[in-house]
1. Hey, could you check region 62-93 for residues that are closer than 14 Å to residue 144 by Cα and of a type in the set (S, T, N, Q) and say which is least open to solvent (accessible area, probe 1.4 Å)?
2. Go through (1) out of contact with any Asp or Glu (no Cβ under 8 Å at 6 or more places or on another chain); (2) under 28 Å from residue 121 (Cα atoms); (3) not acidic (Asp, Glu) and name the single condition residue 227 misses.
3. Output the helices (runs of 4 or more DSSP H) that fall wholly within region 1-112 and possess 1 or more residues being touching a residue at least 12 places away in the same chain (Cβ under 8 Å), within 22 Å of residue 131 (Cα to Cα) and not hydroxyl-bearing (Ser, Thr, Tyr), or say none.
4. Please work out which one of (1) modelled with pLDDT of 95 or more; (2) within 24 Å of residue 47 (Cα to Cα) is the condition residue 206 fails and give its number.
5. For region 213-227, indicate whether the set of residues that are aromatic (Phe, Trp, Tyr), within 18 Å of the chain's Cα centre (by Cα) and either farther than 29 Å from residue 51 by Cβ or surrounded by 16 or more Cβ atoms within 10 Å (Cβ to Cβ) (or both) is non-empty.
6. Return yes or no: is residue 197 without any contact (Cβ under 8 Å) to a residue 24 or more places away in the chain, under 21 Å from the mean Cα position of the chain (by Cα) and open to solvent by 50 Å² or more (accessible area, probe 1.4 Å)?
Amino acid sequence: GHVMSRRLNRAEYINTIRDLFGVEYDFKLEELLPADGGGGEGFDTTGDTLFTSSIHIEKYLAAAEQVTQLILPDKARGQNRELRAARERILFREPGWFEKPTPAAREVISAFARRAWRRPLTNEEVDEWMKLFARANQRGDGFTASVRLALQAALISPNFLFLSEPEPAKPGVQRLADIPLASKLSYFLWSSMPDEQLLKLAEEGRLSDTNLYRAQVQRMLKDPKAAALGERFALQWL
């Protein structure tokens with residue numbers, strides 16, 4: 001049946017930012033974002049209680065600006081080693097002296113948005129971000145600042161902030177498709193986004209294979225991030 005789309009709660013958002021940028025850094029997001037109330041059963045993952053207000057939108061915009069400014073400042077000088085490494089992972093390609101910036105920007109933005117949105121992207125979706133990049137670049141913001149604006153747009157999109165499952169085409173109980181299954185699994189075990197291995201299997205349509213699925217569950221439970229299963233779900237359950 002249909003499952004209600006829900007917003008990432010505060011803990012999931014913070015964990016997702018950590019894994020998306022690959023940096024264990026205190027962005028002080030817990031102080032910035034509003035707290036989430038528990039649902040009727042005491043769980044903070046209940047869609048009915050994870051409403052989105054104008055205050056949330058303001059705070060998510062501020063969070064996106066804060067994180068991207070710290071990791072992608074116009075100049076990397078003065079960054080600590082951890083933030084500099086995160087910057088290099090995000091800006092894995094920059095245009096050369098005589099190269100147009102658009103191809104490099106498209107590669108960087110596409111790679112980031114795929115991970116942020118936890119699914120493959122359409123060309124039309126990437127085109128929308130490239131319009132933001134082009135607008136900023138044309139007014140002289142520079143390559144890094146122009147990319148940063150597009151990444152901020154990806155971070156305040158419902159595709160990042162919400163977990164959604166497509167409505168089944170037929171009535172009754174249907175098997176969940178691989179892409180939403182990857183997010184459902186990772187946010188249950190890790191309270192965070194799928195890693196590259198899990199996402200790649202889902203994109204290839206292989207995650208629904210029972211043996212591969214079980215192997216992924218075992219792998220993920222051995223990861224330190226699985227502490228979230230006990231610290232969050234188990235404590236709320238018990």
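1. 68
2. Result: residue 227 fails condition (2) only.
3. So the answer is 54-71, 81-90.
4. (2)
5. Taking region 213-227 as the starting set, the residues that turn out to be aromatic (Phe, Trp, Tyr) are 213.
Now restrict to residues that are within 18 Å of the chain's Cα centre (by Cα): none.
Scanning region 213-227, I find no residue that is aromatic (Phe, Trp, Tyr), within 18 Å of the chain's Cα centre (by Cα) and either farther than 29 Å from residue 51 by Cβ or surrounded by 16 or more Cβ atoms within 10 Å (Cβ to Cβ) (or both), so the answer is no.
6. Values: without any contact (Cβ under 8 Å) to a residue 24 or more places away in the chain: yes; under 21 Å from the mean Cα position of the chain (by Cα): yes; open to solvent by 50 Å² or more (accessible area, probe 1.4 Å): yes.
Yes; evaluated as a whole, the condition is true for this residue.
Listed here are the residues, each with its yes/no results for (1) aromatic (Phe, Trp, Tyr); (2) at pLDDT 95 or above.
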residue: 131; (1), (2): no, yes
residue: 136; (1), (2): no, yes
residue: 150; (1), (2): no, yes
residue: 156; (1), (2): no, yes
residue: 164; (1), (2): no, no
residue: 183; (1), (2): no, yes
residue: 190; (1), (2): yes, yes
residue: 194; (1), (2): no, yes
residue: 198; (1), (2): no, yes
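Conditions (1) open to solvent by less than 60 Å² (accessible area, probe 1.4 Å); (2) closer than 24 Å to residue 125 by Cβ; (3) of a type in the set (Asp, Glu), marked per residue:
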{"residue": "29", "(1), (2), (3)": "yes, no, no"}
{"residue": "35", "(1), (2), (3)": "no, no, no"}
{"residue": "49", "(1), (2), (3)": "yes, no, no"}
{"residue": "60", "(1), (2), (3)": "yes, yes, no"}
{"residue": "95", "(1), (2), (3)": "yes, yes, no"}
{"residue": "108", "(1), (2), (3)": "yes, yes, no"}
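The values are calculated or read from the model by the stated rules, or taken from the named source; none is laboratory data. Nothing here was measured: the structure is a model prediction, and the numbers come from that model. For neighbour counting, all protein chains shown are included, and Cβ atoms are generated from backbone atoms with ideal geometry for every residue, glycine included. Ligands, DNA and RNA are stripped out before the accessible areas are found, and what is left, the full protein with its side chains, is counted by its heavy atoms. Shrake-Rupley method; radii C 1.70, N 1.55, O 1.52, S 1.80 Å.
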